[in-house]
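Heads up: the structure comes next, in structure tokens.
The values are calculated or read from the model by the stated rules, or taken from the named source; none is laboratory data. In this text the structure is predicted, and so the values were computed from the model without any measurement. A quick note on method: Cβ atoms are made from the backbone with ideal geometry, for glycine too, and the neighbour counts reach across all protein chains shown.
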Amino acid sequence: MRVAVVGGGIAGLSAAFRLAAAGAEPVVLEGSPEIGGKVRQARLGDLTVDVGAEAMLARRPEALDLVEAVGLSADVVAPEPIPSMVWSRGALRALPPTIMGVPSDLAALDASGVLAGPVTSTPLPVPDEDVSVAQFVGDRLGREVVDRLVEPLLGGVYAGHADRLSLRSAAPVISELGPDLLAGAAARAAAPKASGPALVGVRGGVGRVPAAVVAAAGFEVRTGATVRSIRRDGTGWELVVGPTTAPVRERFDAVVMAAPAPAASRLLAEVAPRAAFALAGVDYASMVVVSLLLEGADLPSGTGFLVPPVEPLEIKAATFSSRKWAWLAEAAGGATVLRASIGRAGDTAVLQRDDASLVDLAVADLRSVVEPGGAIGSVTASMVQRWGGGLPQYEVGHRELVRTVLDDVAAVPGLEVCGAAYEGVGIAAVVATGRAAAERTVAG
């Protein structure tokens, strides 16, 4: 079985890996010059650093299973056990224990000073219909909890806004806390937990994984291979691939659509029109990751900090990468590696600045947070990674949208979809969609 995998991000690569293991012949068609999607590395001075995803959930198996299968399990590492902070009300403050922003320890919350006043809890039933995260939490705990605790945590995952993100799809863990959010969060925090870290990385960077997947399975990968169209051809599929000046028609037995929603919508318009229409409604947020190599930095304690959108800063988070990852600290010697994220859904003006301006902006915001108590030091190298339309927004009603897509695609023989637009944006969730799409393809 010859299978076209449209998209060479981690979803497409995971699908291709599973297809190859099952004896199929996958061909990955990636329109950009590189594979890996948002799992990518770049040079920062003499270092190689992650400029997209830098960690994976350790408490669900899919990503770690893939890492083990491609021979990288010995390089799986935990981050340093140092807490993060939040910039709130003009100061860096300890990030109190929460369940996705819902406080689980009121004494720690009060001591942190993140909020201006105490939290008033109003228990209310969990609605049957989907609502925004902001509405659900705000009605029960007040707007300040949304603005200063929920928003920065959600922003770190989706680069989105709690007023638009779906409770069921973007933050189901919050709805699971029940009618009394504070009691539910405290009970969940007190419950026995799985041993080991919640997140892990890879020595040398998570960005090593895509190349390792291809090397382990040996399937064909073509970069710069834009798919122009797909159509049913008898019992198989015909794809038009390549530049508009020299397109090539190729035949495949099946197609796994692993492209982001906008491209998938365009390509599925004729073969799965209901799915295509639904996918056209998936909005995406653009963002920038600014990586800095610093000399003489004197940073606050912690592995970084989050920034609520109500604060007058452009950066939404900063990670002290060489403090978070011991392997990176060793590689950097005495230097400091730091990365700052800029941009949330709808923030377009700031992202139109040139690279130098974005570096200056990140450094200025970092100085306003770190100094005068500490120091940023001097910037010896910088790298700007732009993720245009990088993160799908799971807005209210997203679960029904996904069901529409999957039902329509299921009615088309030899067609499957996978990727971050469906059931989770983290590496483990995305790998799971790729693996499931491959298994359905093989099963026929």
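Observations on the structure shown:
- Taking region 77-116 as the range and being in a strand (DSSP E or B), surrounded by fewer than 21 Cβ atoms within 10 Å (Cβ to Cβ) and in contact with a Phe, Trp or Tyr (Cβ under 7 Å, 6 or more places away or on another chain) as the test, the residues that pass are Val77, Leu92.
- Whichever residue in region 53-76 is crowded, with 21+ Cβ neighbours inside 10 Å and of a type outside the set (A, V, I, L, M) and, among such residues, is farthest from Val431 (Cα to Cα): Glu54
- Among all positions in region 365-380, there is no residue which is at pLDDT 95 or above and within 30 Å of Pro262 (Cα to Cα).
- Restricting attention to region 230-246, the residues that are out of contact with any Leu (no Cβ under 7 Å at 6 or more places or on another chain) and either surrounded by 14 or more Cβ atoms within 10 Å (Cβ to Cβ) or among the β-branched types (Val, Ile, Thr) (or both) add up to 10.
- Options Ala194, Ala225: the member that is of a type in the set (A, V, I, L, M), outside any strand (DSSP E or B) and either in contact with a Gly (Cβ under 7 Å, 6 or more places away or on another chain) or within 25 Å of Ala263 (Cβ to Cβ) (or both): Ala225
- For Val114, the stated conditions hold: it is β-branched (Val, Ile, Thr) and without any contact (Cβ under 8 Å) to a residue 40 or more places away in the chain.
- Test for Thr336: is it of a type outside the set (D, E, K, R) and over 19 Å from the mean Cα position of the chain (by Cα): yes
- The one condition from (1) in a helix (DSSP H, G or I); (2) within 30 Å of Ser321 (Cβ to Cβ) that Gly204 does not meet is (1).
- Scan of region 395-440 for residues that are outside any helix (DSSP H, G or I) and either in the same structural domain as His161 (by TED's automatic domain parsing) or surrounded by fewer than 23 Cβ atoms within 10 Å (Cβ to Cβ) (or both), ordered by number: Glu395, Val396, Gly397, Ala411, Val412, Pro413, Gly414, Glu423, Gly424, Val425, Gly426
- Filter result (touching a Gly at 6+ places or on another chain (Cβ under 8 Å) and among the hydroxyl-bearing types (Ser, Thr, Tyr)) within region 322-346: Thr336, Ser341
- Whether a residue is in contact (Cβ under 8 Å) with a residue 40 or more places away in the chain, within 30 Å of Ala318 (Cβ to Cβ) and either touching a Phe, Trp or Tyr at 6+ places or on another chain (Cβ under 9 Å) or small (Gly, Ala, Ser) (or both) was assessed, and Ala225 does not pass this test.
- Single residue of region 335-353 satisfying the filter (part of a loop (DSSP other than H, G, I, E, B) and surrounded by fewer than 20 Cβ atoms within 10 Å (Cβ to Cβ)) that is modelled with the highest pLDDT: Arg353
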